[in-house]
Every structure is written in structure tokens, then in C-alpha cells.
Amino acid sequence: MYAFEPSEEQKMLIDAINRYAANDLRAAAHEAEESGELPPKLIEKGWELGVLQASIPEAYGGFGERSAVTGVLAAEEMAWGDLAGAMAVFTPHLFALPILLTGSEAQKQEYLPAIVEGEWRPYTAAMIEPFFDFDPQALRTTAEERDGGYVLNGIKIWVPFAAQAPAMIVYASLNGQTQGFIVPAGTAGLEISSEREKLMGLNALPFYRLTLKDVFIPKTQRLGEEAGHAMEPILAAQWVAQAAMAVGVARAAFEYSRDYAKEREAFGVKIAQKQAIAFMLAEMATEIEAIRLLNWEAAWKIDTGKEDAWQQAYLAAVGAMDMAMMVTDRAVQILGGHGYIRDHPVELWMRNGRGFAMFTGLMMV
């Protein structure tokens with residue numbers, strides 16, 4: 001059976017992340033959203049907490065073993081502070097963890113030490129495509145075997161830090177199967193938009209569009225090399241991260257609106273005593289806890305090698321999408337007119353919460 005009590009090491013990590021989330025991320029979130037930029041020192045401070053480094057074995061430059069349970073605990077706490085900041089700190093996970101999970105021994109030796117032993121660098125990944133029926137298991141970006149390697153063609157959107165990335169993993173369909181390909185910066189045929197993409201939220205995080213025109217990739221740069229790889233471990237790691245960050249954002253919105261309701265008076269009583277508000281808060285808390293437990297179970301199944309782990313992770317992610325939207329919307333309602341203005345953070349949490357339905361491929365633990 002799995003347990004619900006974090007280990008001492010996990011508690012120490014969560015406490016450290018909570019302090020960073022409260023004192024640094026939360027404090028900087030409004031200005032970062034308005035200015036469209038996260039301070040580099042803020043990202044570096046989060047990187048130094050060592051979440052990714054603790055997931056990489058010593059043989060590859062890290063100091064631990066990968067634990068999906070520890071990852072979701074860390075991701076929730078980080079996103080509770082600020083989603084854009086959390087995603088920035090975790091961006092190198094999009095590159096390093098697929099290599100750890102499915103890469104060849106040579107790929108692990110070549111790339112992982114360079115990532116985890118130095119300062120934060122925006123190694124990233126490109127999965128999302130600009131189509132209403134986007135499906136990570138049925139991509140329109142193609143990889144064709146040619147001239148002793150692979151040729152990539154297609155369009156990717158919402159690629160975090162693409163313009164600054166030393167290298168990225170591009171996902172493409174090879175004979176109908178989704179595969180990852182390591183694409184270094186400056187590769188011929190790789191075009192990165194000069195302007196950042198504009199989204200409803202996450203304005204502090206730089207996203208770019210990619211166009212791949214006959215991008216040639218040697219066989220040694222396919223994840224797993226010629227043998228290739230399964231997508232289920234990668235998707236499971238993405239989905240539990242997505243669900244964890246949704247829980248973090250929702251928890252922030254719930255706590256803020258709950259505390260507001262306890263202080264705000266209307267007609268001589270605190271609005272938290274109003275039945276309509278009390279019922280809202282109770283439902284918000286229930287949904288947050290339900291998705292958190294579902295996601296912990298998915299992470300536990302990943303760590304213990306259960307065959308249905310990726311299916312459980314998908315259920316957690318799907319549930320988290322609706323939960324985050326409901327909770328953040330209710331938080332705005334509870335604040336009334338104050339919820340609609342930028343003096344309070346609930347409007348940002350609602351805008352960010354709306355995006356979880358479209359964030360597949362942008363988070364990983």
C-alpha cells in the first residue's frame with residue numbers, strides 16, 4: 001500500500017519550496033505578469049533548490065533517484081507561488097527527464113551532466129501544434145527516415161524559452177508513432193519566431209512558435225537512438241506534473257478567497273457565514289483534495305512501475321483541468337468586483353487556470 005505521509009527528505013524539500021514560493025515567486029508574480037519578464041535571479045534561486053538534480057542519479061551528475069511522488073509535491077508547492085515562475089524553473093525538466101526515462105546510455109552521458117551540474121539553462125521541448133484536434137499521440141509534425149537520419153517538418157507552438165534554448169526535444173510522428181528528437185540550437189531548417197506568442201495568461205513566460213523545414217537529425221539524436229522509445233512514461237510524467245500544478249494554482253485561489261471571505265463584511269456579517277459562499281468554499285476544498293489524492297496515486301503507480309500508471313495520470317490531468325477552472329472562477333466570484341481587478345491575484349489565477357486544458361507538453365516531473 002502507498003502512504004500519505006511524506007518522508008523527512010520530502011518534508012524538507014517542500015518546506016524549502018514553500019518559503020521560496022511565498023517569499024519570492026508570489027511576491028514577484030504581479031510585476032512579472034505585467035512586465036512580461038521573470039527576473040533571471042528569481043529563476044536561478046528556484047533552480048538551486050535542486051528538484052531536477054535530486055531526480056538524476058549520481059552517474060549522470062545528479063544526487064538522487066527520480067521519484068514522481070516527490071516531483072508532484074514539489075510542483076504543487078511551486079505553482080502555489082506562481083505558475084509562470086514554476087514552469088520557468090521546471091523548463092529544463094522537459095528536456096532532461098525524457099532523456100533519463102527513455103534515452104540511450106550515450107544520450108544520458110552526453111546531456112544530463114551538462115544540465116544538472118551547472119546554472120539554470122532553458123533546455124526545452126516542443127510538442128503542442130496549432131490545430132484544434134491536437135493529440136500528442138497523433139502529431140502532424142512528421143519525421144521521415146532519410147540519408148541515414150531523420151528529416152523533420154511541421155509547426156510547433158508555445159515552446160517555452162525556444163529562442164534561448166541550447167537544445168530542445170521536438171516530438172514528431174515517425175511512421176504513425178510519436179517520437180522525440182534532440183534538436184540543438186542553430187540546426188539548419190529550424191526557424192523560431194522573432195516575436196513571443198501572446199496568451200491569455202502566463203505573460204511572464206516567453207513562448208515561441210517553431211517552423212521545421214527539412215530539419216535533418218542524425219539517428220543518434222532520436223530518443224533511444226535507433227530503437228526509439230515508448231511515449232507512455234513521458235506522457236505520464238507530463239500529466240502528473242500538469243495535475244500537480246493545477247492543484248497548486250487552485251489551492252492558492254481557494255486560500256486567498258477563503259481568507260477574504262472571513263474578513264469581508266456584508267450586511268453586518270462576514271460573507272463566509274453566508275450559506276452560498278460557505279457552500280462554494282466547501283466544494284472548492286473538496287475538489288482540490290480529490291484531485292490531489294488521485295494524482296498522488298498516479299505518481300505512486302509511476303514510481304512502483306504499475307502498468308496502468310499512465311492511464312491514472314491521464315485521469316488526474318483531465319480531472320485537474322476542470323477543477324482548476326471551477327476553483328479559480330469561484331475565487332473571483334467570492335471577491336465580487338474586487339476579483340475582477342488586478343489589485344488581487346485571483347484574476348491571474350483564473351486566467352492561468354483556464355489554460356490547463358491546453359498545457360500538455362509544457363510541464364514535467
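Just a few scattered comments:
- Calculated P(r) of the chain - Cα pairs past 35 Å, %: 22 percent
- Across the chain, the mean sequence separation of Cα contacts (distance under 8 Å, 6 or more residues apart), normalised by length, yields a relative contact order of 19 percent.
- One Cα centroid belongs to the stretch 1-56, the other to the stretch 268-293; the line between them spans 27 Å.
- Segment residue 197-residue 270, extension gain: residue separation times 0.36 nm, minus the distance between their alpha carbons: 22.0 nm
- Proximal lysines to residue 156, defined as alpha-carbon separation beneath 20 angstrom and excluding residues fewer than eight positions away on the same chain: 198, 213
- For the chain, share of DSSP beta bridges that run antiparallel, in % to the nearest 5: 90 percent
- Listed residues 143, 20, 49: farthest to the positive end of the dipole of the chain (Cβ charges): 20
- With Cα atoms, 0 to 90° folded angle of helix 8-20 axis to the chain main axis: 70 degrees
- Net charge dipole size for the chain [Lys, Arg +1 and Asp, Glu -1 on Cβ; Debye, nearest 20]: 660 debye
- Neighbour-limited loop hits for trypsin sites (Lys or Arg not before Pro), the stretch 102-206 (at most 14 other Cβ within 10 Å; DSSP other than H, G, I, E, B): 198
- Per residue, the average separation of C-alpha pairs within less than 8 Å and at least 6 apart gives the stretch 166-222 a relative contact order of 33 percent.
- For the stretch 108-226, the percent of C-alpha pairs falling in each 5 Å distance bin, counted from 0 to the bin holding the largest distance, reads 2, 12, 21, 24, 19, 14, 6, 2, 0.
Quick note: the coordinates plus some simple rules give every number you see, no bench work behind them. As the structure is a prediction and not an experimental result, all values here were calculated from the model. Positions of Cβ are generated from backbone atoms using ideal geometry, with glycine treated the same way; all protein chains shown enter the neighbour counts.
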